[in-house]
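Colleague: Please read through the structure below; I'll follow up with questions.
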Amino acid sequence: MSSTKRKPSRVKSSRNGKSKKGSRPSSPNKPSQDSIVSVLAESRVFNPPKSFSRTALIGSEQQYKKIWRDSVKNPTKFWAKQAKEQLEWIKPFKKVLTWKPPFAKWFEGGKLNVSVNCLDRHVRTEKRNKAAIIWEGEPGDTRVLTYHDLLREVSKCANALEAMGVKPGHRVAIYMPMIPEIAIAMLACTRIGAMHTVVFGGFSSEALADRCNDSQASVVITADGGFRKGANVPLKKNVDAALEKTTSVKNVLVVKRTGESVTMKPGRDHWWHDVVPNQSGHYEPYAADSEHPLFLLYTSGSTGKPKGILHTTAGYLLGATISAKYVFDLKETDTYWCTADAGWVTGHSYIVYGPLANGATAVMYEGAPNFPDWGRLWSIVEKHHVSILYTAPTAIRACIKAGDEWPKKYNLKSLRLLGSVGEPINPEAWIWYHEVIGGKRCPIVDTWWQTETGSMMITPIPGAIPQIPGSATKPFFGIDPEIVDKNGNPVPKGQGGFLVIKKPWPSMLRTIWGDDERFKAAYWSQIPGMYFTGDGARQDKKGNFWIMGRIDDVLNVSGHRLSTMEIESALVSHDLVAESAVVGRPDDLKGEGIICFVTLKAGISPSTEVKDKLSKHVVTQIGALARPDEIRFADALPKTRSGKIMRRLLRDVAAGKQSTQDTTTLEDLSVLANLRQDED
Ligand code: WTA
């Protein structure tokens, strides 16, 4: 059983920023750029339950420590051994790492195929007829695909894509609901050696068009629609609109899911059921070089358009494979469920590649957690006997709000391990997850990582590391993180700073698609020689890491990264808007809410109607996940003399706080006063 050492009287989860001059608290969720002071105090420690550790792959802290120490002392030795043991190679690699900062090449000389590692190698064993994917649609329909089924479907899809002219290195955009075909499509790309770029089905046609254009995708794989909260999401219609703005896409493959009527453009659009089933169920896998590009995934940065994060074949697959194995302590008998969408990196690494490379059984769910009611997640756990559940703090908080009566209606005894990802989990949510969902018997792995890191970086190993609510605890094997100040010097334990990774690791991003300079500027210029994560963090005396959130202008809304700049550009692209500034505001459910300050063009009067129009416009431009929580009109925005919008002041205004920040660089103090008056 878990042992609770001491309960603090009150858990404080706010953070203060301090400037060099003195103690001026900055925004509660945005550490200042200079130094970071953390006030999070949490002393409850949950040791791994003995019964869990006894059968765990890594069963003690000593064992973890030894492997970790050796792994960072001699990383190439560690990674070479793992690469040989965990992956199946068509041709063995010759060199473990070529590191010309910031460009890494892992496992040069080697050849392999990702789909072979995820499918063929299991089909050759007793896993052949084991369930690979147990899928549940939102309306309640289910499908089970064994490893053999999946290999056959992936091969057919690969043949269909090849018939459309897809070749190694080509880009295929995937814009689909959470149905098995999304995993089939991704794996089919890897079988050919083509790159996929999955675009989350909640994104708008504009966002899809941008990503198709940036990646120059030649094929889009989609569906007529998807089910979400009982409604139809018109995916094909969005694709049609996106393709008006792109020229690279020559073919569209469409799965029939909802049955709603869609327009099929002759010569360009093909129904999946017409072209995939009659293909051969064999496709000779492409022997990809270790560094062959595997996929692009777009993510928000603080400036400019979304960044196409490039991951390559061997390193990414190794990271996803070994982290899934040890962090989820995967066993042959597990039924594992990650609730993320395959459109995010979590879905890539921990619905598709990590679990399948390990030959695990993964549950996949199409719809919303609250359809038809808030019992849905728990009914799926009960129905499929889920033993490992990996979800996000935002979902946990929403479930807490919906009430304990929902999980209590279901038998959750099959669960043995819980996971969290996407944003810091507040200790209250952690405790609820532990008690109400985990029945106090399941360890919780709070996993910190990023689209860019490809796989988990800081996380407890569940049978080995004592867990502390709110802390992602210890680095994964081979990962060497540190907290530094802006000059790159390590800060004393307990003090906040910038989280950096000191050594290259196999699943690290290789570059930003088509923009090496931006790659250098975004991740490698702040602290020379180290990977800059963009997150603030601190390390406690016992070496546990506490992630404090983003330090750049990126919001974390429901665990999804959104750049303030992109939302501002969307607003300014509207005819009525002269200028805008977007900031985050702490939000109990979503982590951060989106607050937009808007200056309208001369002669336009503020009104609720205008607000609605602008809100809709942002949704059309980016997607529903970027819908503003509040739009506030301002005659002017607070700016420095050089014309930079002072977002830190706006954050205080948005949070309804009296700002005690330095306003000496503010050009016109009355601007701020006016913004405050508008609140009254
Ligand atoms: C945040 C998602 C605290 C963090 C896998 C990071 C977290 C960003 C955690 C990456 C966690 C993710 N604790 N913060 N366990 N996991 N984050 O690229 O700010 O969508 O930089 O990858 O989410 O978001 P991304």
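The values are calculated or read from the model by the stated rules, or taken from the named source; none is laboratory data. What you are looking at is a predicted structure, and each value in this text was computed from that prediction instead of being measured. Here the Cβ positions follow ideal geometry from the backbone for every residue, glycine too, while neighbour counts run over all protein chains shown.
Colleague: Picking from K105, K127, K77, which residue would you name as being charged (D, E, K, R) and surrounded by fewer than 16 Cβ atoms within 10 Å (Cβ to Cβ)? Walk me through it before giving the result.
Modeller: Working: K105 fails: surrounded by fewer than 16 Cβ atoms within 10 Å (Cβ to Cβ); K127 fails: surrounded by fewer than 16 Cβ atoms within 10 Å (Cβ to Cβ).
None of the other options fit; the residue is K77.
Colleague: Select from the stretch 550-569 the residues that are more than 17 Å from the chain's Cα centre (by Cα) and of a type in the set (S, T, N, Q) and write down the one among them that is farthest from the ligand (Cβ to nearest atom).
Modeller: S569
Colleague: Could I ask something else about it? Do we find that W449 is crowded, with 21+ Cβ neighbours inside 10 Å and within 16 Å of the ligand (Cβ to nearest atom) in this structure?
Modeller: yes
A quick yes/no check of all residues on (1) at pLDDT below 90; (2) surrounded by 20 or more Cβ atoms within 10 Å (Cβ to Cβ); (3) more than 16 Å from the ligand (Cβ to nearest atom); (4) farther than 30 Å from G494 by Cβ:
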position: P606; (1), (2), (3), (4): no, no, yes, yes
position: K616; (1), (2), (3), (4): no, no, yes, yes
position: Q621; (1), (2), (3), (4): no, yes, yes, yes
position: A636; (1), (2), (3), (4): yes, no, yes, yes
position: G643; (1), (2), (3), (4): yes, no, yes, yes
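Colleague: Another question about this same structure. Tally up the residues in the stretch 46-74 that are closer than 22 Å to D334 by Cα and exposed (fewer than 13 other Cβ atoms within 10 Å of the Cβ), please.
Modeller: Residues in the stretch 46-74 being closer than 22 Å to D334 by Cα and exposed (fewer than 13 other Cβ atoms within 10 Å of the Cβ): 4 in total.
Colleague: So for the stretch 514-529 (the condition being within 12 Å of the ligand (Cβ to nearest atom), part of a loop (DSSP other than H, G, I, E, B) and under 22 Å from the mean Cα position of the chain (by Cα)), does at least one residue qualify?
Modeller: No: zero hits.
Colleague: Let me ask something else. What single numbered condition from (1) in contact with a helix residue (DSSP H, G or I) (Cβ under 7 Å, 6 or more places away or on another chain); (2) without any contact (Cβ under 8 Å) to a residue 60 or more places away in the chain; (3) at positive phi fails to hold for G359?
Modeller: Status for G359: all satisfied but (2).
Colleague: While we're looking at this one, here's another question. Between a residue in the stretch 574-596 that is closer than 17 Å to A654 by Cα and any residue that is basic (K, R) and at pLDDT 95 or above, which pairs come within a Cβ distance under 6 Å, given they are 6 or more apart or on different chains?
Modeller: Hits for this filter: zero, empty list.
Colleague: Quick one: which strands (runs of 3 or more DSSP E) lie wholly within the stretch 324-443 and hold at least 1 residues that are within 16 Å of the ligand (Cβ to nearest atom) and within 21 Å of the chain's Cα centre (by Cα)? Lay out the reasoning, then the answer.
Modeller: On the way: elements: 335-338, 361-365, 388-391, 417-421.
In the stretch 324-443, the matching strands (runs of 3 or more DSSP E) lie at 335-338, 388-391, 417-421.
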